[in-house]
Structures are given as structure tokens and as C-alpha cells.
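S.K.: Let me give you the structure first, and then I'll get to my questions.
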Amino acid sequence: MNRILSLSLVAVLSILSLSANNNIKDAFMSMPTSISYDISSVNKTELIATYKYEKKAISVKNKFEEDIIIENLTDDYLLLSRGTNSNNSLQLIILSASIYCVINTVCGPICDSNIEFYNTSWHKLNSDKFIALAPLSSFVNNTENFPELFIPFYQFTYNPNNKVLTLKNNSLQYLGLEDQKKIEPYVKTETVEYLWNGERF
């Protein structure tokens with residue numbers, strides 16, 4: 001009986017230890033610089049400490065002299081902005097004890113996102129296992145006769161409060177006014193929402 005209790009205690013402590021280590025600060029600190037806007041470990045620490053404990057955002061420089069700012073920070077979510085355009089952003093999300101999600105959005109000027117998934121050792125995982133991109137038919141009617149002017153620009157935004165991932169179609173912004181008028185009758189929605197179910201969106 002005592003052996004069973006001891007083993008149970010060890011199991012509980014192991015789970016608690018894993019949970020304690022799997023926080024946004026540790027995830028960010030271990031994040032490779034090639035993914036995290038080339039921010040040094042010292043600057044990462046400064047960003048998090050100032051935002052978390054002094055309740056204010058500061059700007060640090062990466063190795064390319066770009067300004068990096070924390071825009072939002074929770075227990076499982078981090079939002080960074082880069083440069084003068086705050087829409088150029090990086091989102092780090094802890095989805096589970098073993099899966100990180102990284103969303104990199106570049107606006108030039110149309111915002112377009114890249115979403116990737118990693119394990120806690122920062123080995124890239126197959127994104128298809130965790131999300132299926134909404135097909136064109138989710139955004140437009142009559143895809144067979146849809147004008148070839150449409151070029152996909154998809155922007156991902158994660159809401160840490162309700163855990164909803166929103167995919168926005170920014171394709172109309174690519175077109176001139178005349179072409180927008182040709183496309184608009186086909187568009188039925190600009191956004192699609194995903195919810196993490198514990199295994200995938």
C-alpha cells in the first residue's frame with residue numbers, strides 16, 4: 001500500500017514539474033533565434049521581466065537593429081511586434097505539454113501569415129497533423145467560375161482569452177478597385193475560426 005502511495009506521489013510530482021517547466025517564459029527563452037526575430041537571451045529576459053513585473057512594454061533591438069516589443073503576454077501566449085509596422089508580428093502559443101505553435105505575420109503592406117508547429121525541443125512538426133487550411137470554398141461562392149484574379153493572403157490571429165484561432169482572408173486588399181468590384185459578389189466571408197480540441201485545430 002505504501003509503495004502504491006509512493007509511486008502515485010512520484011507520478012503527481014512529475015506531472016506538476018512538467019507543467020511548471022512548460023510556461024511561456026521557458027518556451028520563449030529556448031526558442032531558436034532564427035525563429036524569435038534574432039533576439040539575444042539577454043534581451044528576451046529583459047522583455048519578459050519588464051512586461052511581467054513592471055507592467056509595461058519596452059523596445060529592444062535585435063541583431064538587425066529592428067525594434068522588438070512585447071504586445072501581449074499570458075501564461076501560454078506571447079505576442080511580439082517587429083519594426084515600425086506593428087502588424088509584423090510573431091505569436092508563440094503553448095497548445096499542450098508537448099506542442100508549441102508559432103505564427104509569423106508579415107505585412108508588406110498586405111498581411112500574410114505562416115503557421116508552424118514544434119515540439120518542446122523545437123523540432124518542426126508536420127502542420128497537417130494539427131490544422132487543415134480552409135479551402136477556397138469557405139470564403140467564396142461558385143469556385144469553378146471564380147475569376148483568376150484571386151491570390152490568397154491568409155492572416156492568422158490567436159485570441160488567448162477564448163483560445164480561438166482566426167484565419168482572415170486579405171486577398172481583396174491585393175486588388176485595385178475595379179478588380180475588387182469583380183470579386184466582391186463571390187465573397188461570402190472574410191474569416192474562418194478554429195478551436196483547439198486538445199489534439200488539433
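S.K.: Please list, ordered by residue number, the strands (runs of 3 or more DSSP E) wholly in region 58-120 having 2 or more residues that are hydroxyl-bearing (Ser, Thr, Tyr) and in contact with a strand residue (DSSP E or B) (Cβ under 9 Å, 6 or more places away or on another chain).
M.R.: 77-82, 100-107, 111-118
S.K.: Any chance region 146-155 includes a residue that's farther than 24 Å from THR33 by Cβ, open to solvent by 40 Å² or more (accessible area, probe 1.4 Å) and of a type in the set (Val, Ile, Thr)?
M.R.: Yes - at least one qualifying residue is present in region 146-155.
S.K.: So, one more: I'm trying to understand the selection: among the residues of region 44-81, which are surrounded by fewer than 19 Cβ atoms within 10 Å (Cβ to Cβ) and among the polar types (S, T, N, Q)?
M.R.: Passing the criteria: THR45, THR50, SER59, ASN62, ASN72, THR74.
S.K.: So, ALA27, is that one at negative phi, surrounded by 15 or more Cβ atoms within 10 Å (Cβ to Cβ) and assigned to a helix (DSSP H, G or I) or not?
M.R.: When the stated conditions are applied, ALA27 passes them.
S.K.: In region 166-198, which residue that is free of Cβ contacts under 8 Å to residues at least 12 places away in the same chain and in a loop (DSSP other than H, G, I, E, B) is nearest to the chain's Cα centre (by Cα)?
M.R.: Looking at the filtered set, the residue picked out is ASN197.
S.K.: Shifting gears a bit: Quick one: how many residues across region 148-165 are free of Cβ contacts under 8 Å to residues at least 40 places away in the same chain, within 30 Å of ASP76 (Cβ to Cβ) and of a type in the set (A, V, I, L, M, F, W, C)?
M.R.: 2
The values are calculated or read from the model by the stated rules, or taken from the named source; none is laboratory data. What you see is a predicted model, and the numbers here were worked out from it, not measured in a lab. Cβ atoms come from the backbone with ideal geometry, glycine included; neighbour counts cover every protein chain shown. Heavy atoms of the whole protein, side chains included, go into the accessibility calculation; ligands, DNA and RNA do not. Shrake-Rupley method; radii C 1.70, N 1.55, O 1.52, S 1.80 Å.
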